Every structure is written in C-alpha cells, then in structure tokens.
Amino acid sequence: MTEESTTTLRSTLHSAPNRKSWAGRPRIPLNPKAAARMASMPLSYRADYKRAATGRSIRAAINAMCRECFGWENVSENIRGCTDPACPLYNYRPYQKND
C-alpha cells in the first residue's frame, strides 16, 4: 500500500458517517430534551451529563441519575446516605461508604 492510498483510506474512515466512537459504541447526538435538562443543571455536572446522554459512559449515566435524584444539592453527602435500596442503581451509586 502506498503512502497516498493510506492517506486516502484514513481520510475516508475519519469522514464516514457511521464511524464508531471509543469502545465501539455508535455516536448518539444529544437530543433536545436532554439539552434542555442540561441547561438547567449546575455547570460543574454538565460535561458528565453530556457523556451520559450521548451514550459514551455508563458510569456517567449512573452518576447523573443519582445527582439528579437529589436535586444537584449536597450531592456526595446525600448520595452516600441514600436510603432507597429499591432503586435499581442503589448498589452502583457513587460516593458509597467503604464498609
């Protein structure tokens, strides 16, 4: 393969509309409802929420759900003291105490 054909192949792969993001997951655009929700949350949580809403991180999705559940206030303290073991994310929540 020549250098020219390698360069052409790379540019084709990088411009392909179905190009996969990291870990083989397809890219998901941020939908309008998620964008509106993100606009109402504190700035410090928006990047993590965007990663979650676009399917880039399962961990970010869990964190975002727990943070939103407590209304974005005193997040680590409230999540650590969560008393809802019926929640499907209870065992995966961030800021757990080390027992």
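Just so it is clear, none of the values below were taken in a lab; they were calculated from the coordinates. Here the structure is a predicted model, which is why all the values come from computation and not from measurement.
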Sorted largest first, the C-alpha extents of region 28-92 along its principal axes in whole angstrom are 33, 20, 16
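Stretched out fully, how many nm does the piece from Y92 to A34 gain, at 0.36 nm a residue minus the Cα gap? Kindly include the intermediate steps, with their values, before the conclusion.
Working: separation 58, 0.36 × 58 = 20.88 nm, distance 2.23 nm.
In short, 18.6 nm is gained.
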